[in-house]
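Here is the structure we will look at.
The values are calculated or read from the model by the stated rules, or taken from the named source; none is laboratory data. The model shown is predicted, which means the values in this text are computed figures rather than measured ones. Positions of Cβ are generated from backbone atoms using ideal geometry, with glycine treated the same way; all protein chains shown enter the neighbour counts. Just so you know, the surface numbers come from the protein's heavy atoms only, side chains and all, with ligands and any DNA or RNA stripped out. Shrake-Rupley method; radii C 1.70, N 1.55, O 1.52, S 1.80 Å.
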Amino acid sequence: MLDINIIRENPEKIRDMLKKRNKTTERLDRLLEADKEWKSLTNENNDLRKTRNAVSKEISKMPAGAEKDAKITEMRAVGDKIAANDKRMAELEEIRTDCLLNIPNIPADDVPIGKDDTENVEIKVWGEKRKFDFKPKTHSELMLDLDMVDFERAAKITGSGFYVLKGDGARLERALISFFLDTHRKQGYKEVFTPVIVNTAAVTGTGQYPNLKDDMYHLEKDDMWLNPTAEVPVTNLLQNDILSKEDLPVKLTAYLPSFRREVGKHADTAGIIRVHEFNKVEMVRFEEPSKSWAALEEMRGDAEELLQKLGLPYHVLLLCTGDQSFSCAKCYDLEVWAPGEERYLECSSCSNDLDFQARRAKIKYRPEQHLKSEFVHTLNGSGLALPRTMVAILENYQNADGSVTIPEVLRPYMGGQEKIVPPEKKKTF
């Protein structure tokens, strides 16, 4: 979350920021009002406690009698007032915390101002879009023809919005996960494998809660959450830690299944583009504040390397203020070209959150042993989201005979197999 002192000193800047992010200023107004009363009561209680301490010393020296009894009664009233103020301050603190948790990060100065994704800025294009001498199929057509997926059986065991990969579909998914993790290891990331269930402190620490609570799966009996993105458990591995300067940077990568309700997002119902459960490989970095912007560019390059090695055309977008996620100060989206769909599909978002998440999760470092600890900067990026990467591979590498050529970098992970071919005869399963 934001430092409350920044809000106190620049309320109009925060008000302007919220408007640029298409957010209301209601919580800001409520925060400022509650904070003003909280500060007033804090000052009043400080004065009351000073008075009580001074008078208590006087009382201890006074002889028994009416005057001493009056002073004691007076101080009891002061104590009651302090207690009443403390109670009200606790209420105000809850209001302040709630408001702070719902105010998004401040966009970086070079983030374009815009209302939604139509005003994102394309900053890079890589690769050439393939020209087909036949009409390319969509990924869902290909996956069904190649017997790689089963939507009906997934609906049978879970419901709509889920899918079962089988045969070469499952093997291709596993190959991509291994390829991503191996590449990130070579890029200097340490691999971790975390629990897929996280607590409320974790989703609060990275900003998904309370902002995106309706889009997450809540396990009410235990007050736990299904992982919405590996950014959550991986970032919170260092929750409440104080690192040394020598510890930084910390670069972690993880594969985890992710779960999202996708509330109100039903445009991409065909195939595996928008689903409730999907696999993703994530990169997370903890950096010294002075080095986080350079780290963002490096992380973006790490994600781009995956797409380039796969030979998939893509472009990079710098997100505008109206399309940025809640926690980030600056975000790049990598969108891969899907010729069957005839559009770009987001497969990675690389973000610098500055100290926004670290402040919520209390992740600090000490610049020098004798200096006060400071918040680190956290960064995260998909490397990559699996479903849309698979969509792009199938649609870009399809052949006229219905087969799909496997990208060379994935063949070692698939036992040297070069193509996925239609089965001679489809079986019941």
Scanning region 213-230 for residues that are in contact with a Phe, Trp or Tyr (Cβ under 7 Å, 6 or more places away or on another chain) and surrounded by 17 or more Cβ atoms within 10 Å (Cβ to Cβ) gives Met216, Trp225, Leu226, Asn227, Pro228
Evaluate region 250-265: report whether one residue or more is surrounded by fewer than 23 Cβ atoms within 10 Å (Cβ to Cβ), β-branched (Val, Ile, Thr) and at pLDDT 95 or above. yes
Among the residues of region 86-105, is any of a type in the set (S, T, N, Q) and assigned to a helix (DSSP H, G or I)? yes
Mind checking which residues of region 137-162 are outside any helix (DSSP H, G or I) and either farther than 21 Å from Gln398 by Cα or open to solvent by 50 Å² or more (accessible area, probe 1.4 Å) (or both)? Lys137, Thr158, Gly159, Ser160, Gly161, Phe162
Can you tell me which residue in region 163-196 is modelled with the lowest pLDDT, limited to those that are buried (at least 17 other Cβ atoms within 10 Å of the Cβ), among the aromatic types (Phe, Trp, Tyr) and in a loop (DSSP other than H, G, I, E, B)? Tyr163
Given the criteria crowded, with 20+ Cβ neighbours inside 10 Å and under 30 Å from Phe132 (Cβ atoms), does Leu354 qualify? no
Quick one: Trp225 ticks every box in (1) aromatic (Phe, Trp, Tyr); (2) out of contact with any helix residue (DSSP H, G or I) (no Cβ under 9 Å at 6 or more places or on another chain); (3) free of Cβ contacts under 8 Å to residues at least 60 places away in the same chain except a single one, so which number is it? (2)
Can we say Arg285 is open to solvent by 20 Å² or more (accessible area, probe 1.4 Å) and charged (D, E, K, R)? no
Which residues, taken from region 323-351, are open to solvent by 20 Å² or more (accessible area, probe 1.4 Å) and more than 21 Å from Thr206 (Cβ to Cβ)? Glu335, Trp337, Glu341, Glu342, Arg343, Tyr344
Being without any contact (Cβ under 8 Å) to a residue 24 or more places away in the chain, within 20 Å of Arg174 (Cα to Cα) and among the β-branched types (Val, Ile, Thr) narrows Thr389, Thr405 down to just Thr405
Does Ser382 satisfy the criteria of being under 24 Å from Gly161 (Cβ atoms) and open to solvent by less than 20 Å² (accessible area, probe 1.4 Å)? yes
Residue by residue through region 368-395, note down the ones that are more than 30 Å from Pro289 (Cβ to Cβ) and in contact with a strand residue (DSSP E or B) (Cβ under 7 Å, 6 or more places away or on another chain). Leu386, Pro387, Arg388, Thr389, Val391, Ala392, Leu394, Glu395
Tell me yes or no: at least one residue of region 79-95 is more than 25 Å from the chain's Cα centre (by Cα), modelled with pLDDT of 95 or more, β-branched (Val, Ile, Thr) and open to solvent by less than 80 Å² (accessible area, probe 1.4 Å). yes
Some residue of region 341-357 being over 25 Å from the mean Cα position of the chain (by Cα), of a type in the set (A, V, I, L, M), modelled with pLDDT of 95 or more and over 22 Å from Ser178 (Cβ atoms): no
How many of the residues in region 385-429 are open to solvent by 30 Å² or more (accessible area, probe 1.4 Å), at pLDDT 95 or above and of a type in the set (A, V, I, L, M, F, W, C)? 3
